[in-house]
Structure formats: C-alpha cells, structure tokens
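A.B. asks: First the structure, which I've put down as structure tokens, then a few questions once you've had a look.
The values are calculated or read from the model by the stated rules, or taken from the named source; none is laboratory data. Being a predicted model, the structure only gives us computed values, none of them experimental. Glycine also receives a Cβ, built like all others from the backbone with ideal geometry; neighbour counts cover every protein chain displayed. These accessible areas exclude ligands, DNA and RNA; they are computed on the full protein's heavy atoms, side chains included. Shrake-Rupley method; radii C 1.70, N 1.55, O 1.52, S 1.80 Å.
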Amino acid sequence: MTILITGATGNAGGAVVQSLAEQGIPGRALIRSEAALPDGIEPVYGDLNKPDTFVDALTGVTGIFLLSGYDRLEELLANAVSAGVRKVVVLSSSSLDGELTNAVAAYHHATEEAVRAAGLDWTFLRPNSFMSNTLRWLDQLRAGDEVRVQFPDVPVSTIHPRDIADVAVAALLGSSDGEVLRLTGPVALTPVEQVAILGEGIGRTLTAYPMSRSETHDALLASMPAPYAAAIESFFGDATIDETTVNNTVTEVTGQTPRTLQTWVQENAGLFV
C-alpha cells in the first residue's frame, strides 16, 4: 500500500504525511520543491494543477489524499484509474452544508462531483475551520497584544489538522466507499475564547477586539476576492452553515478523542515567538 499526498507541505496534507509516517505506511508527497520529509515518505516533484508532471508517480499508488479546487482534475483522475489507484479521499468543506453556488462551496462541490464520476472508491471529508487558522493573527501579535477578531460572538468547533489527517488515513486504509464525513473539534469556542487560550499557551496577556460586521466586511474584502469574502461573511455572519455543533465522527473513525485547541497551541507555540 502506498498513498499519494497532495498539498503535502500544507496544514492538512502535512498532517497526513505525519500520520502515515507514524503508522509506518509508505507515502509519496507531492511537492513543488525540496522539503524535509519523515522516513518512509518519498518526494514527488510536480504541480497539482498539471497532472502530467507527476503521472509516473501514480504507479503503485493505492490511494490519494486530494485537495479540492485544482485544474485538470478529470485528467488526474483518469491517470489514477489507469495506474490502478483504488481510492481517493477528498479534503472538502463544511460549506457544502449550505448553498452550493457560493464561491467556496462551488469549487469543493465540483471536485466531489468529478470524483464521484471517476469510478474510484471515495470518501469526502468536510471539516470545520482548522485550529491552524489561528496563525492568521501572527501579524497582529508581532505588533502588540490586541487581536482583532471577526464574528466575535460565533462559536466554532475548530478542528486540529492532525485529527483530519488521522480520519483521512483511516479512510484510505479502509474498505468503505461513498462516505461523506463531517468533522468537528471537541468544543465550540468564540474567537474571543480562542484568543484567551492562545494567550495562555504562549504566555502573553492578549486582548480580543470584537470587530463589527461593517469592519469585518471591509477586512474580508481587503484580504480576498469579493466572491470569497461574500461567502465567508455569509457562512459566519448570516449563519448559512453550522460550525458550532460538535459531533463524534473523529472518535468514531479513529477511536481517539479529538485534540483540543490548547493542544494545538502547545504544539505550535514556537510559531508565535
């Protein structure tokens, strides 16, 4: 068994690399340039938007951990079928619980539909927001101890990327097909509560500034294309998706209690120094 990991240096893909390595499962990490990888994980140099750059690396691969939203997906999936790949686990999104035509949900939905049509076994992972999104506050923390938070009153059960990865690996090793798994963290916390946990974990007294809806709207538009900003504002400002509810999927799949934000902060405190 050999797993190809796309997005292997990202938050989720990197966690899948760690999970495979710790379990002694061979993997091939799709990367664009040289990167440190654990023992048992082989580098594959290529571009996910250009499936022809890594088609040879599909030989001997049994499963793929696949990110959503990349070009020439049908070509990649056809290459996978030809190479004898049996299963694809897609990192999809909680946004598919809402309106499918918004900019975020649309590309995840398109990826899921392409995988459904490819004739491979599949599992779709639809996780809540990642705990690693806390890193978006890094620039503010370099400037001081005040953190401006968007949607300050909306609790979100954020999830540790490693829990997503452990579920992904279980799905890649298993024989089930056609599962759609909503993944949450262990507890729902408002951004204000998240800032307090971060401050405690890195030894700083942080203050959360609750941004108004108008301030949040302007900040989102300044940081991303308008269709994506509108989608994010809809998700959390208008509650078109539910990332507050906690479920037991991680425990049911892995047998382990989901990791807490305190754990994530402890593991990553050095990034905030």
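A.B. asks: Taking the Cα centre of the chain as origin, work out the dipole magnitude from +1 charges on Lys and Arg Cβ and -1 charges on Asp and Glu Cβ, in debye rounded to 20.
C.D. replies: Dipole magnitude for the chain comes out near 300 debye.
A.B. asks: Roughly what percent of Cα-Cα pairs across segment 114-273 reach past 26 Å?
C.D. replies: Beyond 26 Å sits 35 percent of the P(r) for segment 114-273.
A.B. asks: Please give the solvent-accessible surface of R72 in Å², to the nearest 10, using a probe radius of 1.4 Å with every protein chain present.
C.D. replies: 100 Å²
A.B. asks: Give the carbon-plus-sulfur fraction of the accessible surface of the chain in %, rounded to a whole number; probe 1.4 Å, heavy atoms of protein chains only.
C.D. replies: Here carbon and sulfur together make up 49 percent of the probe-accessible area.
A.B. asks: Shifting gears a bit: Compute the Kirkwood hydrodynamic radius of segment 76-169, taking the inverse of the mean of 1/r over all pairs of distinct Cα atoms, and give it in Å to one decimal.
C.D. replies: Result for segment 76-169 stands at 15.8 Å.
A.B. asks: Further question: Taking +1 at the Cβ of each Lys and Arg and -1 at the Cβ of each Asp and Glu, which of L173, N133, A118 sits farthest along the dipole of segment 102-186 towards its positive end, judged by Cα position relative to the Cα centre?
C.D. replies: Of L173, N133, A118, it is N133.
A.B. asks: Hey, got the dipole for segment 208-273? About the Cα centre, +1 on K and R Cβ, -1 on D and E Cβ, debye to the nearest 20?
C.D. replies: Approximately 160 debye in magnitude.
A.B. asks: At a 1.4 Å probe radius, which order do K87, K50 fall into by accessible area, largest first?
C.D. replies: My answer, sorted largest first, is K50, K87.
A.B. asks: Ok, one more. With Cβ to Cβ distances under 15 Å as the rule, what net charge do the other residues near L100 carry (K, R +1; D, E -1)?
C.D. replies: That sum, taken over residues with Cβ under 15 Å, equals -2.
A.B. asks: Moving to a separate point now. Roughly how tilted is helix 226-237, in degrees to the nearest 10 and between 0 and 90, from the longest Cα axis of the chain?
C.D. replies: 70 degrees
A.B. asks: Moving to a separate point now. Quick one: accessible surface of L37, probe radius 1.4 Å, all protein chains present, in square angstrom to the nearest 10.
C.D. replies: Rounded to the nearest 10, that gives 50 Å².
A.B. asks: To two decimal places, what compactness ratio does the chain give when its Cα radius of gyration is scaled by 2.2 N^0.38 Å?
C.D. replies: Normalised by 2.2 N^0.38 Å, the Cα Rg of the chain equals 1.02.
A.B. asks: Next up: Please work out the average accessible area per residue across the chain, using the 1.4 Å probe convention, and give it in Å².
C.D. replies: 45 Å²
A.B. asks: While we're here: Roughly how much of D145 is accessible, in Å² to the nearest 10, using a 1.4 Å probe?
C.D. replies: So the heavy atoms of D145 present about 70 Å² to solvent.
A.B. asks: Give me the angle, in degrees from 0 to 90, between the Cα long axis of helix 11-23 and the longest principal axis of the Cα atoms of the chain, rounded to the nearest 10.
C.D. replies: Value to nearest ten degrees: 60.
A.B. asks: Next question, about the same structure. What is the gain in length, in nm to one decimal, between A219 and Q262 on full extension, counting 0.36 nm per residue of separation less the C-alpha to C-alpha distance?
C.D. replies: 12.8 nm
A.B. asks: Kindly express, to the nearest 10 degrees and within the range 0 to 90, the angle between helix 191-202's C-alpha long axis and the longest C-alpha principal axis of the chain.
C.D. replies: 80 degrees
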